[in-house]
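Right, one structure below, let's go through it.
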Amino acid sequence: MKKYLLVALAIIFTFGIYSYSRAYVNLFGGQASQVIPCYNDVIFAKVGPPRPERLIWVPGITRTYEYSYPKHAGQWMLGLYGLPFYCIASVSPIIPIPGYVITMMGASW
C-alpha cells in the first residue's frame with residue numbers, strides 16, 4: 001500500500017511541477033508606446049493594445065529575433081513573456097518600474 005501511495009505522489013508531483021513551469025509563458029504583441037533604457041542594463045517597453053503589458057528586455061535572457069531589442073516608441077513587437085522583473089528608471093530617487101521578462105521576441109524596424 002505504501003508503495004502505491006509513493007508512486008501516486010511522485011506522479012502528482014511531477015505533473016504539478018510541469019504545469020507550474022508552463023504557466024509562466026504568455027503571449028504579447030502590439031505597438032510599443034513607451035521605451036525606457038534602465039540603469040540595471042535592461043530595457044522597459046510598454047506594449048499594447050490589444051493586450052497592454054509592461055515588459056522588460058533582459059540581455060542574455062531574452063532570445064531576440066528580427067531587428068534586435070526595443071529601440072523606440074512606435075516599434076511593433078511580438079513574442080512571449082514570463083516571470084516578473086523590474087527596471088530601475090532612476091537612481092536618485094530610486095524609481096523601480098515592475099514588468100515581466102521577455103523570453104522571446106521579434107520587432108519591426
Can you pull out every residue in segment 73-109 that is over 14 Å from the mean Cα position of the chain (by Cα) and more than 16 Å from GLY48 (Cα to Cα)? ILE88, ALA89, SER90, VAL91, SER92, PRO93, ILE94, ILE95, PRO96, TRP109
Members of segment 1-49 that are modelled with pLDDT under 90, in a strand (DSSP E or B) and over 16 Å from LEU80 (Cβ atoms): PRO49
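Provide a single number: the residues in segment 52-101 that are of a type in the set (Lys, Arg) and in a strand (DSSP E or B).
Looking only at that region, the number is 2.
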Any residue in segment 58-73 that's over 12 Å from PRO37 (Cβ atoms) and without any contact (Cβ under 8 Å) to a residue 60 or more places away in the chain: show its pairings with residues that are among the small types (Gly, Ala, Ser) and in a loop (DSSP other than H, G, I, E, B) at Cβ separation under 8 Å, as long as the two are six or more apart or on different chains. GLU66/SER108; TYR67/SER108
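The values are calculated or read from the model by the stated rules, or taken from the named source; none is laboratory data. None of these values were measured; they are calculated from a predicted model. Ideal geometry is used to build each Cβ from the backbone, glycine not excepted, and the neighbour counts take in all protein chains shown.
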